[in-house]
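Report on the structure given below.
What follows draws every value from the coordinates through simple rules; no lab data is involved. In this text the structure is predicted, and so the values were computed from the model without any measurement. Don't worry about glycine lacking a Cβ; one is built from the backbone with ideal geometry, like all the others, and counts go over all protein chains shown.
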Amino acid sequence: MIIWSDKLFLSDSIKAKNLKKLKKIKKKLEKPNRIRFGAHLITINTGGRDLLDIYSITFFPAKHYKTKEDDIHIVGVAGGSEEAQELAGGIIARLVNDGYELSPAGVKSYFEIKSPEVS
């Protein structure tokens, strides 16, 4: 399932469009069969040691995550790939400035994502 963070970070180009572009992006992700372009999504990495992932919206596996049990958490939206890289760096800087651990657990803690309980 696709989950949008309450602490969503936006690049300047997305903010400049008065959030209309963000609404379009969200709507297009709900219908993955439509052609999508013009944005990059920053998500929390679900496996491995990386902290964040950056996807072009054209390659975003929205269809996969509608059926997959794992959730994908979108924490940032940028207009282009360079903006996405800068925004991801800004997210990491915010984590460090706010005193969170620079680890996958620290990122999840910042965005208040609960880890699945092990039974």
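Working note: Karplus 6.51/-1.76/1.60 with θ = phi - 60° gives segment 89-100 the couplings x, x, 5, 4, 4, 4, 4, 5, 4, 8, x, 8 Hz, where Gly and Pro are set to x. Summing charges over all other residues whose Cβ lies under 11 Å from the Cβ of K7, with Lys and Arg as +1 and Asp and Glu as -1, gives -2. Amide H to amide H, with H built 1.01 Å from N, L52 comes under 5 Å of N45, counting only residues 5 or more places away or on other chains. When each of F59, F9 is scored by the number of other beta-carbon atoms lying within 10 Å, the sequence from fewest to most is F59, F9. Each residue in L41, L22 was given a count of other beta-carbon atoms within 10 angstrom of its own, and listing them fewest first yields L22, L41.
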